[in-house]
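The values are calculated or read from the model by the stated rules, or taken from the named source; none is laboratory data. All of these numbers come straight from a predicted model, not from anything done at the bench. Here the Cβ is made from the backbone with ideal geometry for all residues, glycine too, and neighbour counts use every protein chain on show. Surface areas here come from the heavy atoms of the whole protein model, side chains and all, with no ligands, DNA or RNA. Shrake-Rupley method; radii C 1.70, N 1.55, O 1.52, S 1.80 Å.
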Amino acid sequence: MAAVSETDVQFWMAKAVNWGEATSCSALLDTSRHLGYLRSFLQQVLLGLQQMSSTSEAMETFPFVGQFLGRLCWNPCVIADERSQRLLLRCLSCLYSAEPLNAVERKANMWIKNMLCHLISEEEGSVAHATVKHAGSSPKRYHSEALQKVVSLMTEEVIKSCDGLPKTSARCSNENIHTMSTACIALVTCPQMAPLIGALLKHSMLCGSSCLNQEFIKEVSDALISKRLVLEDEAVVNLWCLSPTCLEGAVVSLLESVLSDHETMTQSLDKHVNDSLLPQASAHYCHIFLTVTEIYRNVLTEIDENLAVRSLIQVFTACFLQRLTGQKPQDRLPLRAFFPNVMPSLLSPLLTAPSEVPREAWLDHLSWIRSLLQSVTENEEAGEDVRAYEAVFEAWFLLVQCGYWVDTAVELLVPAVPENPEPLLWLLTFFHHPTNRGHQRSQQTALAREAWTHLRMLFLTRPPPPSHLSAVKELLSSSSSSSSLSTNLVLHLFSNFAIFSHGPVSIITEITDKVLTEAAVKRRALWILASIRCRLNSAPSRDDGVHFRLRTLQDTLLQT
């Protein structure tokens, strides 16, 4: 066939012979580098074979094909590439005679069967099986171990290079690292390549300047996002530092998983967030934290009433702060670096966890936070200055990130009448209504006070007064004149009363069944409970009764 030139045949036969079984680093590098071109050539051969009427005609037209395909079938690098292996299988299938006409075709069929068994089965008695039996391996295992051995040698070379980076006698030049990363491009989804990929990513981070092939970084990023590649945690974080696209993919993936599986996420949100590695990576690399928060900030501006997004932001920030405080002081960046757009005076009071403040000082601490936030909003209300609006947004976003203080404020509103509930109600209102756009903050504070009064009577009076039950149900109803944000505010109060009122669990369950009747409202309540659960899990002491009521409330909402 004209499509397969004699020059190409000579080139690829020479390559196949030189590569052999690719058991050396140089052979593996050269094979990997040429895999893309090899696939193109195999595709040409396949097209030619498909036009043949018989095996005999194919062997006369392509006399090289048997030896060529046979050599490639024993090359572990070629076999590890799924697309190359698939082309080999299709070429071999085209050569097989369903009804052999002569001895040549019958002999060819026996050879093809053995090659197919070698590639796709562990069949006893095949030539491939007998050939490697002395090594105590199956054909597949033999090739896997052969590839793994070569990759291990290359990985060791990169690791030694990393150890020598501070010295002038680095064993592995940047050019060699670039060559290795280029060779990996075609095999990034092969499991045996993961250690080498991890070592290359680590080298690039230690080197301080990327000497990796950019296409390699892109292929690894795409494979990781699509879950076709599994890397160790350190390698994943190193990749995020090198590939903004991969980092953004991880952030969006976490967000999508939270929004799509609320039943699982609401019960283990903190675990799910920590498993994503984003909090750990953010604590070590400031730019990762800034990227994560910028993405969530943009999402929040589009759907600011979405409690799932708010809960995710709050739990992510809490997990991040835990990781940050766990670092040695000399290794820790100042908080200002992670929150560059926020008034410095807000950072200390909000980023200090409730568990770090004595319980008897909570009210004073919350009053302090309220006074600082209120001064920011007063500047906004005084005029139309864009910077004032931006300052309010940044202050509100920090409050969303540190929503555990809002949860703490609502908790203090539950058991007894505080001396001055106004700072607590104001914080709750600002959390759900950061600006006066479309509604007056004073009106929303009044609504919060009304809901708080009804809920106190409902949860702290025995038996629960029916009039207050009806009033709370109306406030949470979709037919109510109040907005979605107002519903969230009331739901925030309701959830905390249900957990911290210390009433009998049976009565709490009964009230919940009667008040939370709409599926959408129940889903919102589950997200509020997820945030509360994360805060309770990080508390220095554990109240088993509170945790039991929280679990019971979650189960009640999930069952219905």
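With respect to the conditions (1) farther than 30 Å from Ser276 by Cα; (2) surrounded by fewer than 12 Cβ atoms within 10 Å (Cβ to Cβ); (3) of a type in the set (Lys, Arg), Arg370 lacks only one, and its number is (2).
Of all residues in region 526-553, those satisfying the criterion of being more than 25 Å from the chain's Cα centre (by Cα), part of a helix (DSSP H, G or I) and touching a residue at least 24 places away in the same chain (Cβ under 8 Å) are Gly545, Val546, Phe548, Arg549, Leu550, Thr552, Leu553. Only residues that are open to solvent by less than 40 Å² (accessible area, probe 1.4 Å) and at pLDDT 80 or above were counted in region 153-175, giving 3. When Arg39 is tested against (1) in contact with a helix residue (DSSP H, G or I) (Cβ under 9 Å, 6 or more places away or on another chain); (2) modelled with pLDDT under 85, only condition (2) is not met. Might you let me know whether region 519-538 holds any residue that is open to solvent by 10 Å² or more (accessible area, probe 1.4 Å) and more than 22 Å from Val258 (Cα to Cα)? Looking through region 519-538, none of the residues is open to solvent by 10 Å² or more (accessible area, probe 1.4 Å) and more than 22 Å from Val258 (Cα to Cα).
Evaluated against (1) under 20 Å from Pro100 (Cα atoms); (2) free of Cβ contacts under 8 Å to residues at least 24 places away in the same chain, Ser40 falls short on exactly one condition, (1). Taking the criterion of being in contact (Cβ under 8 Å) with a residue 40 or more places away in the chain, within 21 Å of Ser5 (Cβ to Cβ) and either out of contact with any Gly (no Cβ under 9 Å at 6 or more places or on another chain) or among the aliphatic types (A, V, I, L, M) (or both), the residues of region 62-77 that qualify are Phe64, Gly66, Gln67, Phe68, Leu69, Leu72.
Matching residues to (1) assigned to a loop (DSSP other than H, G, I, E, B); (2) at pLDDT below 95; (3) within 26 Å of His284 (Cβ to Cβ):
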{"position": "Gln327", "(1), (2), (3)": "yes, yes, yes"}
{"position": "Pro349", "(1), (2), (3)": "no, no, yes"}
{"position": "Leu363", "(1), (2), (3)": "no, yes, no"}
{"position": "Trp368", "(1), (2), (3)": "no, no, no"}
{"position": "Val376", "(1), (2), (3)": "no, yes, no"}
{"position": "Phe393", "(1), (2), (3)": "no, yes, no"}
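The residue list Leu95, Leu49, Leu88 contains one member that is touching a residue at least 40 places away in the same chain (Cβ under 8 Å) and under 27 Å from Val150 (Cα atoms), which is Leu88. Among the residues making up region 237-248, those that are touching a residue at least 40 places away in the same chain (Cβ under 8 Å) and surrounded by fewer than 21 Cβ atoms within 10 Å (Cβ to Cβ) are Cys241, Leu242, Pro244, Glu248.
Applying the criterion of being under 18 Å from Leu201 (Cα atoms) and small (Gly, Ala, Ser) to the residues of region 250-281, the residue that is most open to solvent (accessible area, probe 1.4 Å) is Ala250. The set of residues from region 225-236 being closer than 17 Å to Asn274 by Cα and open to solvent by 20 Å² or more (accessible area, probe 1.4 Å) comprises Leu231, Glu232, Asp233, Glu234.
Taking the criterion of being under 24 Å from Asp331 (Cβ atoms) and assigned to a helix (DSSP H, G or I), would at least one residue in region 179-197 satisfy it? No. Taking helices (runs of 4 or more DSSP H) that fall entirely within region 219-323, which contain at least 2 residues that are within 23 Å of Asn341 (Cβ to Cβ) and more than 14 Å from the chain's Cα centre (by Cα)? Result: 278-284, 286-302. Pairs meeting the criteria (first residue in region 331-349 and in contact (Cβ under 8 Å) with a residue 12 or more places away in the chain, second residue in a loop (DSSP other than H, G, I, E, B), beta carbons under 7 Å, at least 6 apart or on different chains) are Leu347/Phe339. State all residues of region 463-504 that are open to solvent by 40 Å² or more (accessible area, probe 1.4 Å), part of a helix (DSSP H, G or I) and modelled with pLDDT under 85; if no residue qualifies, say none. Within region 463-504, Ser484 is the sole residue that qualifies.
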